[in-house]
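Below: the structure, in structure tokens.
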Amino acid sequence: MSGCQASMVSYTQANRGRRLLQRRGIFSEIHRLERIGPEGCGYVLEAAASCQTVQEILERNGITAKRLQKE
């Protein structure tokens, strides 16, 4: 899937984000981070949309991503 990867602090936030994107017709999947970095463990929400679109939808609904990067 090409699009955007949003690092999330918890599965709950990632799942809320996935449901928000789904309601807008954007396919997304949640994956647990393989490597544990300085931020600790977390999850990645991979979405088939631009990072700008993903960020706008998440922020508008009170969900913050630790990091967004193009896939």
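The values are calculated or read from the model by the stated rules, or taken from the named source; none is laboratory data. No experiment lies behind these values; they were computed from the predicted model shown. Cβ atoms come from the backbone with ideal geometry, glycine included; neighbour counts cover every protein chain shown.
Which residues, counting only those in segment 5-19, are outside any strand (DSSP E or B) and either touching a residue at least 60 places away in the same chain (Cβ under 8 Å) or crowded, with 18+ Cβ neighbours inside 10 Å (or both)?
GLN13, ALA14, GLY17, ARG18, listed by residue number.
If you go through segment 31-42 one residue at a time, do you hit one that is surrounded by 17 or more Cβ atoms within 10 Å (Cβ to Cβ) and either modelled with pLDDT under 95 or out of contact with any strand residue (DSSP E or B) (no Cβ under 6 Å at 6 or more places or on another chain) (or both)?
Taking every residue of segment 31-42 in turn, at least one turns out to be surrounded by 17 or more Cβ atoms within 10 Å (Cβ to Cβ) and either modelled with pLDDT under 95 or out of contact with any strand residue (DSSP E or B) (no Cβ under 6 Å at 6 or more places or on another chain) (or both).
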